[in-house]
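Structure, as structure tokens:
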Amino acid sequence: MRLTVFWERMAEHFGTGYADTFARDHVMSELGGRTVHEALAAGWDAKDVWRVVCDVMHVPQEQR
């Protein structure tokens, strides 16, 4: 998954304004105790990060 697609999906689910706030502030144990931004900076694949976000935030299957 390209980063542009990842951020589009984040904005679609959380809203444009909240997507970055969530990605910056929400620490997830599934990402090794990292935020979305930290996981991406650490080299995590955007697709894997998106899967974690979907699982943690219970994103409906049709929006994944």
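The values are calculated or read from the model by the stated rules, or taken from the named source; none is laboratory data. Everything numeric here is computed off the predicted structure, so don't read it as measured data. Only protein heavy atoms, including side chains, enter the accessible area calculation; ligands, DNA and RNA are left aside. Shrake-Rupley method; radii C 1.70, N 1.55, O 1.52, S 1.80 Å.
Observations on the structure shown:
- In this structure, the amide hydrogen of R34, modeled 1.01 Å from its nitrogen in the peptide plane, lies closer than 5 angstrom to those of M28, counting only residues at least 5 positions away or on a different chain.
- 3J(HN,Hα) couplings calculated from phi for the stretch 9-20 with the Karplus curve 6.51 cos²θ - 1.76 cosθ + 1.60 (θ = phi - 60°) are, in sequence order, 5, 4, 5, 5, 7, 9, x, 4, x, 8, 4, 5 Hz; Gly and Pro show x.
- Extension gain, R2 to H37, is 11.1 nm, computed as 0.36 nm per intervening residue step minus the present C-alpha separation.
- Taking every protein chain into account, the accessible area of the chain amounts to 62 square angstrom per residue (probe 1.4 Å).
- The chain - percent of accessible surface contributed by carbon and sulfur, probe 1.4 Å: 48
- Note that the chain shows a convex hull volume over its alpha carbon atoms of 72 Å³ per residue.
- Additional length obtainable on full extension of the chain from Q63 to S29, 0.36 nm per residue less Cα span: 10.0 nm
- ³J(HN,Hα) computed for each position of the stretch 23-40 - Karplus, 6.51 cos²θ - 1.76 cosθ + 1.60, integer Hz, glycine/proline x: 5, 8, 10, 8, 8, 10, 4, 5, 9, x, x, 10, 7, 4, 4, 5, 5, 5
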